[in-house]
Amino acid sequence: MKRDEQLMVPAAEFGSYYGRPVIKEPVWGAPAIPGYLFLGGLAGASSPLAAVAEFSGRPGLALAAKTTAAGAIGLSVVALVQDLGRPTRFHHMLRVFKPTSPMSVGSWLLSAYGPAAGAAAACAITGLLPAAGRVATVAAAVTGPAVAAYTAALLADTAVPAWHEAHRELPYLFVSSAATAAGGLGLLLVRPEQAAPARNLALIGATAELTAKSLLLQRLGEVAEPYQSGRAGRLMEAAEILTAAGLTAAAVGGRNRIIAALAGAALVASSAFTRFGIFFAGRMSAGDPRYTVGPQRNRKDRKDRGDRGISPPPAGKPARAPAERGDLAAAR
Amino acid sequence: MSLDPAARSGYADHPPRMGFFTDTSVCIGCKACEVACKEWNGVPEDGLELTGMSYDNTQSLGASTWRHVAFIEQIDHPGQPRWLMASDVCKHCTEAGCLDVCPTGALLRTEFGTVVVQDDVCNGCGNCVAACPFGVIGRRETDGGAHKCTLCYDRIGDGLTPACAKACPTESIQFGPLDELRDRAQARLETLHEAGVAGAQLYGEDPGNGIGGAGAFFLLLDEPEVYGLPPDPVVTTRDLPRMWRHVASAAAALAAAALISGLGGRA
Ligand code: SF4
Ligand code: SF4
């Protein structure tokens, strides 16, 4: 759908069935699913950071990033399994491979990435099998970004208006939020002498995140509302303040241990808030028929007008003359 | 988009596509379809509430509601007040979002072109619930699995009519080969238009629509949203190729950002 179609939606004039939602609210739960989005991103961006740290001779940062990645991905898999309606059947995820299902693609990605991230961390912590550790580090670094990015398709490939309509921007927002979190955690955990790549990643991530967010809100038109109101709005706002504060602090005082740690903590928190905000915005947009009906009605009216080449009915009025009861009886 | 999803799903030799035509202009709101569906399919109770929504205490389709009769009281309807009733059901989409996103393969296309959940495969991930543009499929609290109308797969395989259509006393719910139903619906629409029922319209049947045409379509007397139906649904997976492209470039950008971050030499 093009942007101008949404901007033309009249604010309150839409029909509905007793104000009830047209689509189902996602049954995915909080904190499990937004938590997974955050942890998966944190892990997925920590792995390339770990590889960069390792191969640029920063073992402290490499160890921290590998441990973070393994811990985060382990936790996130627990969250995913626990959110299933039938957790004992989690392995059914690997019955088939379906490119039309982001969840299927993601399950396969996780089963490649998870063990690699785990092995990389295990070798780094124990100091055993350094060669295998290097292979695992590279494997996790290569698959990690895909883990951080695919969750955008997972949300966007739904009927949920605030997620689906954001399908162009969400992948970029998700990877930048992931970079913010991974860089931020590096700043928090590692001494500034070793933390340069984490600081750089955090700066790039936070800047990109702020940009992606404002693009998303601009492009969504009316469907941006769920991101700006209620619980989601408060979370997104808090995230933005934390991102900006963390970004500034990391840029200015990132070489001071205390300031760097504070900046890092703010950035990690901002990434989590962003994920929760996006999650709740989607839920809200699904629960309010306005966001489903408004853009569709508008699109349909435009199509119908095009088809029949006549001028549109006034907004909110029935398109055609209503039926009389007598006519109905006659038509039987 | 062809109206033969069974062939696209690999059934070389298959029966004609079967479906429902629900003609709401003759619905009397008796809810026999709701009851017959529950009885035949062993669908559990779905809540006993008094909603104040006219005679509708069922409220919406869901895991334990596979037929739902909507009641709309139009008191200020020009001419004369009217009471609309419509029995809603899974659309058995030609391009089914639920089926596309299901990661386990639990949702499947039958030889009749219908869409069915295999309960022994479903792990309750809930992806289908978020993907259906009509809010049809739901996850049941009690067993954690996703459920919806099967178009009585067990009955039609034996040459029987689905329970709801069988029970419908006014033939508002008609079952049959989709081609026949489409002809019948067109004729009925013309009759109604000739009789001056100008608001009458077919809903979901157009193969050119956003779901490639529904296997269960409707004749409505007002706009779809009045009945709680989306006016112009588009299956979400039509945009998936574009989503994957953006995911790929975003992932590449993240990898590049990490590499750039490491520039500036060794510690
Ligand atoms: S109406 Fe919903 S549940 Fe039924 S086939 Fe279409 S997408 Fe699936
Ligand atoms: S809940 Fe069951 S049917 Fe629905 S997508 Fe998940 S595995 Fe498939």
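Points to keep in mind about this one:
- Neighbour net charge for A:Leu216 - beta-carbon separation under 9 angstrom, K R +1, D E -1: +2
- Rolling a 1.4 Å probe across all protein chains gives B:Ile72 an accessible area of roughly 20 Å².
- Buried area at the A-B interface (accessible, heavy atoms, 1.4 Å probe, summed, Å²): 7100 Å²
- Cut-off 14 Å between beta-carbons: net charge of the residues surrounding B:Pro15, Lys and Arg +1, Asp and Glu -1: -3
- For the stretch B:1-82, the normalised intensity computed at q = 0.10, 0.23, 0.26 Å⁻¹ comes to -0.42, -1.12, -1.26 (log10 of I(q)/I(0), Debye sum over alpha carbons, equal scatterers, no solvent).
- Estimated purely from DSSP H runs of n ≥ 4, each contributing -39500 (n - 2.57), the mean residue ellipticity at 222 nm for chain B is -7500 deg cm²/dmol once divided by its residues.
- In this structure A:Met93 has an accessible area near 20 Å², from a 1.4 Å probe over the protein heavy atoms.
- The Rg/Rh ratio of the stretch A:38-155, with Rg taken over Cα atoms and Rh as the Kirkwood radius over Cα pairs, comes to 1.00.
- List B:Glu39, B:Glu111, ordered by accessible area with a 1.4 Å probe, largest first: B:Glu39, B:Glu111
- C-alpha center-to-center spacing [the stretch A:237-312, the stretch A:84-99] in angstrom: 30 Å
- Heavy-atom accessible area, probed at 1.4 angstrom with all protein chains present, ranks A:Ile258, A:Ile33 as A:Ile258, A:Ile33, highest first.
- In this structure A:Trp108 has an accessible area near 100 Å², from a 1.4 Å probe over the protein heavy atoms.
- Selection of trypsin sites (Lys or Arg not before Pro), the stretch B:184-267, meeting DSSP coil and at most 13 other Cβ within 10 Å: B:Arg266
- Counting only other chain Cβ atoms within 10 Å of each residue's Cβ, the peptide A:77-90 averages 4.
- Radius 14 Å from Cβ of A:Leu188, net charge of other residues (Lys, Arg +1; Asp, Glu -1): +3
- Treating each Cα of the stretch A:28-288 as one equal point scatterer and applying the Debye formula with no solvent, the log10 of I(q)/I(0) at q = 0.09, 0.12, 0.16 Å⁻¹ comes out as -0.37, -0.66, -1.13.
- Solvent-accessible surface of protein heavy atoms, probed at 1.4 angstrom with all chains present, puts A:Leu94, B:Leu108 in the order A:Leu94, B:Leu108, largest first.
- Pairwise label distance in nanometres, B:Leu48 with A:Arg302, each label 7 Å out on the Cα-Cβ vector: 5.0 nm
- Förster-model FRET efficiency, 60 Å R0, B:Ala252 and B:Gln80, C-beta, rounded to 0.05: 0.40
- Over 21 Å between alpha carbons, listed pairs B:Lys91/B:Lys148; A:Lys213/A:Lys300; A:Lys300/B:Lys31: A:Lys213/A:Lys300; A:Lys300/B:Lys31
- Shielding by partners, peptide B:160-170 (average Cβ within 10 angstrom, other chains): 0
- For the stretch B:5-236, with all protein chains in place and a probe radius of 1.4 Å, 51% of the accessible heavy-atom surface sits on carbon or sulfur.
- Candidates per trypsin sites (Lys or Arg not before Pro) in the stretch A:202-235, loop by DSSP, up to 12 other Cβ within 10 Å: none
- Average accessible surface area per residue within the stretch A:28-288, 1.4 Å rolling probe, Å²: 34 Å²
- Among the trypsin sites (Lys or Arg not before Pro) in the stretch A:67-175, those placed in a DSSP loop whose Cβ has at most 16 other Cβ atoms within 10 Å are A:Arg95.
- Number of partner chain Cβ atoms within 10 Å, mean per residue of B:187-194: 2
- Taken over the stretch B:5-236, the percentage of Cα pairs per 10 Å bin, counting from 0 up to the bin with the maximum distance, is 8, 33, 39, 17, 3, 0.
- Solvent-accessible surface of chain B, averaged per residue with a 1.4 angstrom probe and all protein chains in place: 38 square angstrom.
The values are calculated or read from the model by the stated rules, or taken from the named source; none is laboratory data. Being a predicted model, the structure only gives us computed values, none of them experimental. Cβ coordinates were reconstructed from backbone atoms using ideal geometry, including for glycine residues, and neighbour counts include every protein chain displayed. Areas reflect the complete protein model, heavy atoms only, side chains present, ligands, DNA and RNA absent. Shrake-Rupley method; radii C 1.70, N 1.55, O 1.52, S 1.80 Å.
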